[in-house]
Amino acid sequence: MGADPDEELVRRIGAGDAAAVQAMVARKLPRVLSLATRMLGDAAEAEDVAQETFVRIWRHASGWRQGHTRFDTWIHRVALNLCYDRLRRRREWTTDELPEVADEAPLPDAGDEGLRVQQALQRIAPRQREAIVLVYYQEMSNIEAAGAMQVSVDALESLLARGRRALQAMLIGGDGDD
């Protein structure tokens with residue numbers, strides 16, 4: 001594994017350097033926010049996840065082991081874990097209530113494709129969404145995304161294929177269930 005471009009900043013953060021934290025936030029915040037927004041479908045929750053991600057970096061930077069995993073992979077894993085915590089809490093909270101009736105309203109018209117894709121993305125299985133977000137929106141390689149998800153590259157590719165099929169089915173009129 002080559003030199004990690006974030007190694008020096010992480011070392012400085014681990015030593016308590018507040019300026020290094022500001023530099024890391026400036027460097028990583030857009031990607032962390034993008035990841036959390038796509039995973040959660042809620043900008044306010046995504047901001048909370050991003051904030052907690054950077055708090056954890058501040059607290060645990062000295063424990064990151066250079067050479068074990070790239071820092072970018074580590075920060076994505078932290079953000080994803082926080083997203084899954086929130087998704088679990090949503091599920092636990094809603095199980096005590098009556099199920100909501102599916103919204104039968106038509107999807108937004110074709111002029112709003114980005115919204116349609118985002119809505120469909122929120123409806124696919126979380127692990128499939130995670131794979132799609134990491135590879136297509138975070139622009140990670142399959143190897144990097146598999147590392148962040150802690151799965152093999154073959155498993156990642158399977159998740160991507162199932163996720164793409166589910167999205168395609170939803171976007172062209174099917175229900176997207178695999």
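For the pair Val117 and Asp48 in one chain, pulling the backbone fully straight at 0.36 nm per residue adds 22.5 nm over the alpha carbon distance. With R₀ fixed at 41 Å, the C-beta to C-beta distance from Leu171 to Ala15 puts the FRET efficiency at about 0.25.
Subtract the Cα-Cα distance of Val153 and Arg127 from 0.36 nm times their separation in residues, and report this length gain in nm to one decimal. Mind dumping the intermediate values first?
Working: separation 26, 0.36 × 26 = 9.36 nm, distance 1.37 nm.
Gain in length upon complete extension: 8.0 nm.
Glu47 sits with roughly 110 Å² accessible to a 1.4 Å probe, with DNA, RNA and ligands left out of the calculation. Each label was represented as a point 7 Å from its Cα along the Cα-to-Cβ direction; for His68 and Leu29 these points are 2.8 nm apart. Farthest toward the positive end of the dipole of the range 1-71, out of Ala50, Trp64, Leu35, is the Cα of Trp64, where the dipole comes from beta carbon charges about the Cα centre. Spin-label pair Tyr84-Asn142: with each label point 7 Å from Cα along the Cα-Cβ axis, the two points sit 2.2 nm from one another.
Would you mind counting up the charge near Thr73? Only other residues with Cβ under 11 Å from its Cβ, with Lys and Arg at +1 and Asp and Glu at -1. Could you put the intermediate results ahead of the total?
Details: positive: Arg70, Arg77; negative: Asp4, Asp6, Asp72, Glu144.
Around Thr73, the charge tally is -2.
The values are calculated or read from the model by the stated rules, or taken from the named source; none is laboratory data. Note that this is a predicted model, so its numbers are computed, not measured. Note: ideal-geometry Cβ built from the backbone for every residue, glycine included; neighbour counts use all protein chains shown. These area figures cover heavy atoms from the full protein model, side chains too; ligands, DNA and RNA do not enter into them. Shrake-Rupley method; radii C 1.70, N 1.55, O 1.52, S 1.80 Å.
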